[in-house]
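Structure first, then comments.
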Amino acid sequence: MYDRSRQQKWLIPVLHEDEAVIALNKPGGLPVIPERWHPDWPCLKSIAVEQLQARVWVVHRLDAGTSGVVVLAKTAEAHRNLCEQFTKRRVEKVYLAIVSGNVEPEEQTIRLPLAPHPKKPGMTIVQNGGKPAITMLRVVERFRGFTLLEARPQTGRQHQIRVHLQAIGHPLLVDHLYAKTEAFFLSAIKANYRVKADEHEQPLIQRLTLHAATLSFTHPLRQELFTLHAPLPKDFNAVIKNLRKYAPSG
């Protein structure tokens, strides 16, 4: 039976809504569509349906652990229009990523073909003969041992940003699949950090350090450029603030 209480714990900020689309700031940890093994669990689509009391169409997806802008269509016509824009790469996507290491140079374009992992379903690998994949990177801010990047994927392969970052030796700070990290703790950067004997340290962030910050497309009704911005969530912002304080680059 569907458990409505599971739905209520997710408070999803609405970034924009009109007669054609609704844009939401998806929190990290929430899938966009139902998960295969738990189809009755909450997802962004089911929450949007509950909120609108109407049907919505999924246009694109983010990994469950990624936060940020997701646009849903409110009509079949808008859905067809937006899907065509995504398919023909007429949509501009900008992500922010916190990665391990000092990324050089300031700007670079990664062109590495990607393919499904032959032995690990759900994972992607760099492979000659795979589908073309292009990601543009720009350094936003440097820290001691870490970098905040802007990533602009020009193609939409599964886990593209995550795999490209791993391939250049700078995986996401937290990525259980491609960096083998489950969380990031303040003790990793704050000297002499101590936890009380009867307590456990809580992580600053416990999901992918990847945020879909901006999405630009042609509005299906207005036929003009439309840009959506998603503010940084608390966990992502907390990591940046503490890196600035305890791991400054200079």
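Of the residues ILE189, ILE125, only one is β-branched (Val, Ile, Thr) and in contact (Cβ under 8 Å) with a residue 40 or more places away in the chain; which? Being β-branched (Val, Ile, Thr) and in contact (Cβ under 8 Å) with a residue 40 or more places away in the chain holds for just one of ILE189, ILE125, which is ILE189.
Note on region 193-221: residues that are more than 14 Å from the chain's Cα centre (by Cα), surrounded by 12 or more Cβ atoms within 10 Å (Cβ to Cβ) and in a loop (DSSP other than H, G, I, E, B) total 8. Of everything in region 30-55 that is of a type in the set (Val, Ile, Thr) and under 21 Å from the mean Cα position of the chain (by Cα), the residue that is farthest from GLY156 (Cα to Cα) is ILE47.
Within region 94-109, being of a type outside the set (Phe, Trp, Tyr), touching a His at 6+ places or on another chain (Cβ under 7 Å) and surrounded by 15 or more Cβ atoms within 10 Å (Cβ to Cβ) holds for LEU96, VAL99, SER100, VAL103. Among the residues in region 22-31, are any within 22 Å of SER216 (Cα to Cα), of a type in the set (D, E, K, R), out of contact with any strand residue (DSSP E or B) (no Cβ under 6 Å at 6 or more places or on another chain) and not in a helix (DSSP H, G or I)? Checked against the condition, which is being within 22 Å of SER216 (Cα to Cα), of a type in the set (D, E, K, R), out of contact with any strand residue (DSSP E or B) (no Cβ under 6 Å at 6 or more places or on another chain) and not in a helix (DSSP H, G or I), region 22-31 yields no hits at all.
Okay, residues lined up against (1) surrounded by fewer than 14 Cβ atoms within 10 Å (Cβ to Cβ); (2) touching a strand residue (DSSP E or B) at 6+ places or on another chain (Cβ under 9 Å):
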{"position": "ASN81", "(1), (2)": "no, yes"}
{"position": "GLN85", "(1), (2)": "no, yes"}
{"position": "ARG111", "(1), (2)": "yes, yes"}
{"position": "LYS119", "(1), (2)": "yes, no"}
{"position": "ARG162", "(1), (2)": "no, yes"}
{"position": "GLN166", "(1), (2)": "no, yes"}
{"position": "PRO171", "(1), (2)": "no, yes"}
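Of all the numbered requirements in (1) modelled with pLDDT under 90; (2) basic (Lys, Arg); (3) within 19 Å of ALA212 (Cβ to Cβ), ARG36 misses one, and that requirement is (3).
Hey, does region 171-183 have a residue that's hydroxyl-bearing (Ser, Thr, Tyr) and modelled with pLDDT of 95 or more? Checked against the condition, which is being hydroxyl-bearing (Ser, Thr, Tyr) and modelled with pLDDT of 95 or more, region 171-183 yields at least one hit.
If you take the residues in region 173-192 that are of a type in the set (Val, Ile, Thr) and within 21 Å of PRO248 (Cβ to Cβ), which one is surrounded by the most Cβ atoms within 10 Å (Cβ to Cβ)?
VAL174
Please find, within region 222-240, the residue that is surrounded by the fewest Cβ atoms within 10 Å (Cβ to Cβ) out of those that are in a loop (DSSP other than H, G, I, E, B) and modelled with pLDDT of 95 or more. Restricting to residues being in a loop (DSSP other than H, G, I, E, B) and modelled with pLDDT of 95 or more, the top hit is GLU224.
Scanning region 28-47 for residues that are in contact (Cβ under 8 Å) with a residue 40 or more places away in the chain and either of a type in the set (Val, Ile, Thr) or surrounded by 20 or more Cβ atoms within 10 Å (Cβ to Cβ) (or both) returns GLY28, ILE47. Summed over region 48-61, residues that are exposed (fewer than 15 other Cβ atoms within 10 Å of the Cβ) and either touching a His at 6+ places or on another chain (Cβ under 7 Å) or in a loop (DSSP other than H, G, I, E, B) (or both) total 3.
The values are calculated or read from the model by the stated rules, or taken from the named source; none is laboratory data. Keep in mind the model is a prediction, meaning the values are calculated, not measured. Neighbour counts run over all protein chains shown; Cβ positions are idealised from the backbone, glycine included.
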